[in-house]
Structure formats: C-alpha cells, structure tokens
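In what follows, a structure is listed as structure tokens, so that the remarks can point back to it.
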Amino acid sequence: MATAAAVVAVRPIEPEQASLWSDAWRRLRRNRFALVASIYLLLLVAVALISTVWTPYRMSAVGITETYAPPTAAHLLGSDELGRDILSRLMVGAQVSLIVGVGTQILVLAVGVPIGLLAGYYRGWLDQIVTFIINVFYGIPDLLVAMILVFILGPSLRNIIIAIVATRWMDMARLVRGQAMSLREREFVEAGRAAGARPIKMLFGHILPNALGPIIVQATLGIPAAILFEAFLSFLGVGVQPPTPSWGSMANEGVMAIQYAPHMVIAPSIALSLTLMAFNFLGDGLRDALDPRSRR
Amino acid sequence: MFTRGTLIYIAQRIVLIAFTVVAVSSIVFLGIHRLPGDALLSERLRGSAYQILLHHYGLDQPLYTQYWNFVVGVVTRGDLGESLVNRGLQITPLVLRELGVSAEVGGLALLFTIGLGMVLGVFAAMRQNTWLDYLLTTTSVVGYSMPNFVIAAFLILVFGIWLDNLTGGTFYYQLGGWRGDIGQLWLPAFALGFPYASIVARLTRASMLEVIRQDYIRTARAKGLRESTIIIRHALRNALIPVITILGPLVIGIITGSVVIENFFGIPGLGKEFAQSILNRDYAIVIGVFTMYAAMVGLANLLVDLAYVVIDPRIRY
Amino acid sequence: MAPFSWRLLKILGVGAALSLVVVACGPGNGTQSNNLAANQTLKFPILGDFGTLDPAQLNAETDSEIAQNVFNGLVKFDNNLNIVPDIASKLPDVSSDGMTYTFTLRQDVTFSNGDKVTSKDVLYSWNRAAAEQGAYAGNLAAIKGYDVVSNNKVTSGAPLEALLEKNDPSVTLSGLTAPDQYTVKVQLSSPAGWFLSAIALEATTGMVVDQNVVKNDFDNWWTKPAEMVGTGAYKMTAYTPKQSVDFQAISNWWGSPKPTVQKVHIDILSNAESAITAYEQGSYDIYGYGGYSNAPIDAILRIQGTANEKNQLLLHPKVRTTWLQFNLVHDAARSAAGPFLLSGGTTAKNLRLAFALAIDKTKLATVVCHDIVCAPATGGLITKGLIGYVGDNTDPLAKFDATQAKQLLTQNDPDGSKTKGLSYAYDPNNPINTTVAQFLQDQWQTNLGVHVDLQPVDHSAFIKGYLSGKYVMARNGWQADYNHPQDWYDNLWGKIPGCPDANCGSGYDNSAYDTLLAKADAEPLQQAIPDYQALGKMLEDDVTYVPLYYSVGAFLLKPYVRGAGTNNFFDYYWDQIQILSH
C-alpha cells in the first residue's frame, strides 16, 4: 500500500552513531511545534490512563441527562443522543485511538522490519517474493481492502487492527528493504562480515541501528494514518462497535445530528484533529532532527 | 519521445496490471465467498425459497466452479455478474456509469489538490520563514489531520445551513445527467481534495526550496530575468517532479476519501456503491467495484510513470 | 481564483432538472380541482433501491409501497383498511362452509399496454406466484393444490414459463378455476378466515401480471419500463438503478380515483439527514413514502422546533412491534444455550422474568424515541390499533420493577454464574437498534448488576442467525402485513413456521399452542379473536419475550400536497394525491 503522508526522503545515515542521536535530540528540542506536540501527547496518554479507572460519569450510563443537551457545568461537553456524558466518552475514546494508532504501528514494525531486513540484505528468492507482493498490492486503495477485511472478519477492535496492519506492513517493509540494500554495501558491513560476525548479529546489531532513523519517522507518521483509518471505518459503520466510544464513531453520530446538536460533532472532531496534528508535527520534527542534510 | 523501449515497457506494465487485477479480485472473491448467500436473506425469506435464490445465482455450486465462471465472465465478456440485492441488476453497466460520476468529482478534487497545493507551496517557499510561511505550513498540517467528513460537515454547516439565506439552496448533489456542474461539485471536491492539497503544498515547498538554491537559478537571476519568470519557467518544472512522484498515492488517497465523501453527499459514484454494498452484503457488487478500482489504479500508476517521460527527458524505460 | 457568482451555489435537489417538465393539469375528478398546480409532478426520496417489483418476488416494504400503484389484485385494502373490490366487481360470494370463494371480475380492466384482463390472467399470476415460492407465496397456502405447486422444482425462468403455458399440473393450483372469462372460483383445502386478507395484501402474490409481457423476460421484465406492465394507475417510464425511478399516470385508467398527479419521480438516496434537508429546501414534496418513515429523531425534534415546518410533520403509528427474543430451545438445529431455555423450568422462567422486569420501557420510549417515534409496548405483541391487540397495560412483561427483578435474580442465580457472559444480538443497520441495544445494556447493568455484551451482526447474517437459534438474546420485530392476528401467530411461533427447529426466532412450540392456533385460523375473524388473545396470553405466561415498543412513523408533507398520508399499513395510493399551486 502506498500513502502520500508517509513519503519519506530516505538517505543512508552517516556512521557517526553516537553524536547523531544526541545531535538529533538537540535539534528536536529546538523545534517548537514538536515540543508542544509531545507535551500534548503526554497529556493525552495521561488522560487515557486515568480514564481506565475514572471518568466523570460512567461512559455507558444512558439517560443521566437530557438527550442532545448542550454543554453545561455538570456536563462540560454536553450529552449525546442517548443522554450520555460526552466528556467521559471522549476520555475513553482516547484509549481506543491510542491503542489503534500505536498498536498497529508496533505490529507493523514487528512484521515489516524483519521482512524488509531479510529481503534487502539477502536478496535472492525472498526478496523476489517480497518485491512481487509489494508491487502487486502497491496500487490498491488501503481503505477498501481494510473495509473488506473487516467485513469478512467482523467489526471489532482486534479485527480493525489486523486489517490496518495487513494493509500497511508493506510500506514499512519496502522502506526497510531499501535501507538494508544500501547499507549492506557499506564498508562497516563488509568489515563485520570479514570479521566473521554471524548474519543475525549483522542484521540486528549493525544494519538495523543505522536504519532506525527513517523507520522511527515512518512509524510515528503511521500512527495518525491508522487513527484516521479507524475514524473512516467508524464513519462507514464498520468501526469499533458500541458501546465502546471511539472518536470516529462519536464524530459520525455528531455529524448525523449536526443541524440539531452541533456540539456533538465538535468535541471528537477537535480531539481527532489535535491528536493527528500532534503526531504529524512530532513525526516531522523527528524527520528533520534525524536528517543530516538539514541545517544545524 | 515514445521509443520502442517505452512501448515495450508499457506492454509489460499492462500485463502486470491485468495480473494484479485478476489476483486482487480473486483474493477478494475467495475471501468473501466464505459467507455464501447472506445478502439473499430477509425477514421472511425461508427454507426452499432461499435455496431457489441460491441456485439462481449459482451460489450452490462448489467454490472453484463459481470462481472459474466468474473469471471467464470477466475476461471474455466483461461481465461482472448480477447484484444479489437488486434482482436483475447487471453490475458492469452500473459500475461503468458510477465510474463516470466518481471520475468527475475525483478529477475536480485532483485538480484542486494539485492547483491549490502547488500555489500554497510556492508562496510558502518564496516567503520562507516569514509569518506567511508558518501560517501556510500550519494550515497544511491541519488540513491532513482532519478527517475529510469532518471538513465536509463543517462546510455544510457553514455554507449550506447558516448561510442558507445567502445561497438559498442545498448542497446535496444534483444529477444533471452524466455531468453535474462546478457549482454543485465544488463542496465535495473541496472536502475530498483539501487534505491532499496540504500534502502537495508541503512537498512543493520543500522541493522549491531545494531548487531555488541551485546554481542555474542563481545564474538566471544574475542574468536579470524577472522573479516570476524564473519561478514559473525554470524552478517550477523541476519542482514538479516530486509532485508527480506522489501522484499515484494521491489518486489512491482520493479514491479512498471518495468512499466517505460520496456517502456523505449522496453522490452516486463508485465509492458510495462500495460502502453501501458492503453494508448490504451484496458482495457481487463489492467484487465488481473492487475489480474496477484495481484496474483504474493500475492504469493511473502507468500514466504517472509515463508522465515522467514527458516531464524529465533524462528518464527512459 | 476568479470569483464566482453565488447563483452557482444554488443547488436544487437531486433530479429536479430531470423532472421540471411542464405538463398540462391532470384530468382529475373535477370535484376538488380548484387551484391545482399546472405541474402535477410528485417528487420524493427513498433511502435504498427496491429489491424487486415483481409481485411474485416482493418481500420488502419499499418494494410494495411502490408496486401497489402499478399492480392490482382482486380485492384491496382501502385507506381505512377495509377490504374492498379492486379488479373484482364486488366482494366474493363465499359458500356457507367457508371453503369456496367465487369472484366476479370487472370487464373493463386493462393492462397499461392495452391487453384486457380476464380470469385466465388471474390464474396465470397466482399459479406463477405459488410456483416461484417467493417470500409471500404462503398467502396462497389455503388454496387446494398448494402443497403440490409449492413442492414443484422448477421455480424460475423460461422452463417455468413453459410449464405454465401448457398448464402443467405441477404448477397449477387445483382449487383455482375459471368457469368463464370473468369469473374466478377458489376452493380452499380447509376453511381459512384469513384468506381474503392475504390476497388483498397490496403488491404481492395476489396481484395480476400480464403473461404476454412476462413470458418474454421471465425474471427481469419488471426492470425495463417497456415491459413493466400492470393494471395500476401508474406505469414505470424510466429506471436508473440505485439512482432514480420515474412513473407516469395512465390516461383513461379503468380504476378510481382517476389520478391527478401525472408524474412521480423518486430519487434513491442513502442518507436520511441529507434527504430531509433536501426536502426542507424544496427539492421534494413529501418524505417518508416508500417505506422510509423511520426518520431520525434529531431531525424530527428539529422540525418540531422550526415554526414554519412543524405543521408538515405527520406522525402515525405503524404496525410494527419490536421486542427482545429469548432463545428457548437448544438442540442440533439451535446452537445457543444459556440460562433462558424452556427446559430450565421455573428457574429459567424466573430469570427471563427478571431480565424482563429490569427494563424500564417507559424510559426507553422517552430516551430513545423522545416519546415521539415509539411508544412502550404494553398491550401484547400485536401492535396497538390492530385486531388482536389485548389492551393498554395488560402485558405483565411490560412492567418495570427493579426490586422484584433483582429479587428474582438473587433467588434463581445466587452466585451469578448463570448470567455470566451473556450477550444481546442485534442488527445495527437501522440506527435505532443500536441505540436500543445500548439502552438495554445499561438497564441490566444498573438495575440488575449484570453485564451483558452487545453483539452487532449485519442484517442478513443476523436474520439467518436468529432464525436458527444462534443468539441467547436477540432483537426481534414484526411488521404486520394485514390486519389479522394470523399474520403474527402463524409466522412467529408454533409448528407452522418451523419451531422448535430452525426458521423460528424463539424455538417456542407446544401442542396447546398449535391446537388452539389451528382452531383460530379456521374460524371467521370475529369468532377467532378470543382464541388469538388466549394465544397471546400463553406467550405472556411462559415469558417468551420482553416487549419493547410499538413504532410510530414520521412523514413530512408540504402544505401544497393534498391527499398524501398513511394508515398504519401503507402509504396512501398515489392516485389520491393532488398538488396545489404554490
């Protein structure tokens, strides 16, 4: 699958490992957008953690106030079509978004990185197969495949994650493969081979660390894409199922009642947008920080 | 420009596209057929009547027979079968008709994406590090961070309802036969294209910045050419290349977004058909639409690659 | 970018461009034809394409709401749900033993292509419908010979047409004869008080189709305007699947009232909110026709709050009840077990009762429907207003008593092990189902302390599932076809639909029920009512369900539209509508 948002300018990393990371960290800290984004994301994680044990009201409690009620002191974000407290649901929704966003990327890394490394380093038949698969599926719109997968497997959080991972691992594999392919020609790799280092150690001890930069960026930028995906799936009715709130399904419910109760769509839309923005700024910041060609 | 080598390349690509289409639709076909006959059920349809319907659609035959019939039908007659929910509805003409509608909205969105995106990107590059640059950059990040249906909902709220006395009409898609007109399409096209315009803007800005630093630009300036001539005639052409690079993913992104936007606006295109058919479990149509998409995207990618040949004379196949 | 005129932003509703053809004022009856609009075109949206318009295959509300204006049967229901003659010239003569019905046909009935209708058309249509075994073929089940025809193996296409042409006995109802060109004699295999209601049912198996047309394209004749021939006041003139369909009034129609509206244009949209908005902005004349009277509650609230619109809202009870179904039988065909099975005896019954009493149905109607689009089902499963309705607040299962519910739970499941891991299945395709499901879950949590998972299942898989006893608890519902309790009791419980095995939502069956039902079905309606009510009481005593709500339909009618509306069952026919000048 190809996604425009994850186009990353890939360049082999200079082998000055130690100073690269501290260099990158210094640059990242100076990027105001990335900094603010990180603070926001930490707050978000905190809210999600808190919501596992406490929310102002029970998030599935029906009819505790008037339905479609606008924000009041008792219900800061108002109530939805069943008279449930939107703020509580928003907090729990953060859990879902983070799980989907981060969870899918972790799995994408777990699947895509090893495959990409093996294909790019060893070439040969494995590489042929991997490249072939990637080329065949390059042009297929990922949302459609994800919808079909969710359709076959049945809508649930687990299946959504599976569907997203199944459509996204190829981008990661392609990136890692490219990195592995160029890195394997480097002198330090040849030196390692000459010194008799075992292949696994080569791959994970030498090549992978040098390829980490673009991988991290790709993974970070993949998180908002996954969250957006879930929002789309929820909007089309095959997302996370009630009563579990997800920002996407809350936005969908809000859109349906937008003329009568506009407050319903505003809260989850802003939450979604801010979170996606934060991950995007962070990913951009990481990319700039890790790119040796940008100015110091 | 189109040498023998290029023509061979085109032929190879078309074969690959055909293969991809068959492979992809096969996977979808086999995957979906795990659930036979579900679309045929209703609250009242029972027992023997259900079996009869299964037989009519050939769904009581073994899977490989169904699959073979399907492939033969597609390849020889271009026949994608019959809808399971709407009896008697032939899928191929339906899909072709809806393709036209989607292409119209999608094409407009694409134009908008590239046009607005490049304009914003150029301006941001020209005024680098000024407030304008930051504003445009931030706007573009916001742009692709909001789900397109949220953008659409707010636009409808603003233009369709709050400003209703000004505009005096509804923004829901009106069919003017095969072609709607710009006045009706701009809202869905905008919602569809805006997230990607942001991406194009960023890319254009980055590549413009690189290009501007090049020697030949400095030479042109030294020669005394006007800034606008330099930008348009020299810098832009080279800055266009990265945009062409992501044209493939851009088209895919617009197709993806159209599933949501068409549903939202009620536009009778492929995206709406796809989503509705999945929800109706009319998997005959799902397979048909998907096959059409696979073919479209393959062709779009091929066109993009050919566009490279036109833009960059160094590239040969 | 160049500025553009705001005019361009004025987008009319879907299809307005197609339908703005100036047509001379329709002939009308003359009685109320003052200030009629010159353009008698009716435009309304539906939210999903119809499945079929072939009377032999019809099974959805949308299909019949449209087809009822294109086809006629021997008798029909009028606006007040009385059975009146249609193609027949008068109500049939019934023999004293109730086994023979003799219909006399009008002599002036024609199809839209000019073919005259005679008794052989009735025979052809009914034999065809019985042979095709569509969803409503059972409407003809009382006719002698139905057993033979319903077991026929050839059920579609040219082969079936060939059999029908030569009057092959395998596709001919032996009890159906035509003594002469304008007489149809029907012999039943046993008395059936519901027979006349069943064939009056609009747009289904009792309707007459033209063999000359059908035989050329046996399965798909109804998809093309040229072949879509019926006896109704309107004929199809254009059909773009999933987009729109157009109808035009027949000139010199044999029936009455003569149609005033000359053209009907129906757009097929997908989104209720946008369809209603388009209606508000003038693109449509009515909303809710065609089986889509389930407008979202927020739209209704909004319209009620808008001064110049609230008089356009028409709320009318539908004949639809929704309830919660327990799976009562577990065997080879029915996979769900759980604590609610009939075999669990008194304990299981008390648990069912606990779950029933724990739900506040009044609150459900208030929170979910704002007391507008539904009302609590307190008088039994047959909807209020229908024959067989028991009476307000007579159903003990409709009560709400959290204390007693909790008591029953503690007594019958002291350690909570029986009610662990339960789930409630529903189809989310209709948004109200999702809302109700979440409400139920919350009620059980709050009032019983029991957690029940929600299990949304897509509609067609859901139907298949609950008919085969896959869910311990599931949503269930029924929309009456005609005003006769047989429609409910014959289709939902007992051995006729197939209980206790598959094809039955609950699995409920016992000999007492079957015997009493057989007796009631054979009696004329008035006599049968107490028997049907006793059946209802049986279901209540055995706590077979939890009643939830009766549905109310919502329609929007522009002030310049006269004659549109609904009774509980169907939209008023299009030939009654008039568009006033506006």
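Per-structure values
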{"read-out": "Built amide H within the under 5 Å cut-off of C:Q57, gap 5+", "value": "none"}
{"read-out": "Backbone HN-Hα couplings from phi across region A:213-222 [Karplus 6.51/-1.76/1.60, Hz, Gly and Pro as x]", "value": "x, x, 5, 4, 4, 4, 5, 4, 6, x"}
{"read-out": "Positive minus negative residues near C:E273 (Lys, Arg vs Asp, Glu; Cβ under 14 Å)", "value": "-3"}
{"read-out": "Peptide C:233-242, shielding by other chains (average Cβ, 10 Å cutoff)", "value": "3"}
{"read-out": "Under 5 Å, built H, 5+ apart or other chain: amide partners of C:L105", "value": "C:S89, C:T183, C:V184"}
{"read-out": "Gyration tensor (alpha-carbon) shape descriptor, region C:444-582, a/c threshold 1.5", "value": "oblate"}
{"read-out": "Helix-only [θ]222 nm of chain C, DSSP H runs n ≥ 4, -39500 (n - 2.57) each, per residue, nearest 500", "value": "-8000 deg cm²/dmol"}
{"read-out": "Estimated 222 nm signal from helices in chain A, with DSSP H stretches of n ≥ 4 weighted -39500 (n - 2.57), rounded to 500", "value": "-23000 deg cm²/dmol"}
{"read-out": "Sorted peptide list for C:508-521, A:160-173, criterion being average Cβ within 10 angstrom, highest first", "value": "A:160-173, C:508-521"}
{"read-out": "Cut-off 14 Å between beta-carbons: net charge of the residues surrounding B:G266, Lys and Arg +1, Asp and Glu -1", "value": "-4"}
{"read-out": "Residue-wise HN-Hα coupling along region B:281-293, computed from phi with Karplus coefficients 6.51, -1.76, 1.60 (Hz; x: Gly, Pro)", "value": "6, 8, 6, 4, 6, 4, 5, x, 5, 5, 4, 4, 4"}
{"read-out": "Shielding by other protein chains, B:253-260, mean Cβ within 10 Å", "value": "5"}
{"read-out": "HN-Hα J in Hz across region C:138-155 - Karplus 6.51, -1.76, 1.60, θ = phi - 60°, x for Gly and Pro", "value": "x, 4, 9, 5, 6, 6, 4, x, 5, 4, 5, 5, 6, 9, 5, 8, 8, 10"}
{"read-out": "For region C:293-331 and region B:92-152, distance of Cα centres in Å", "value": "40"}
{"read-out": "Three-way shape call for region B:92-280 based on the alpha-carbon gyration tensor, with the a/c threshold at 1.5", "value": "prolate"}
{"read-out": "Summed residue charge, Cβ within 13 Å of C:I83's Cβ, Lys/Arg positive, Asp/Glu negative", "value": "-1"}
{"read-out": "Flagged links, alpha-carbon separation over 24 Å, of C:K120/C:K519; C:K90/C:K495; C:K420/C:K537; C:K242/C:K384; C:K464/C:K495; C:K363/C:K558", "value": "C:K120/C:K519; C:K90/C:K495; C:K420/C:K537; C:K242/C:K384; C:K363/C:K558"}
{"read-out": "The protein assembly as shown: C-alpha gyration tensor shape, a/c 1.5 cut-off, then a/b vs b/c", "value": "prolate"}
{"read-out": "Relative contact order (percent, whole number), chain C, Cα cutoff 8 Å, 6+ residue spacing", "value": "18"}
{"read-out": "Average beta carbon contacts from partner chains per residue of C:125-138, 10 Å cutoff", "value": "2"}
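Just so you know, all these numbers are worked out from the coordinates, no wet-lab data involved. This structure is a prediction, so every number in the text was calculated from the model and none was measured. Heads up, the Cβs are rebuilt from the backbone with ideal geometry, glycines too, and the neighbour counts pull from every protein chain shown.
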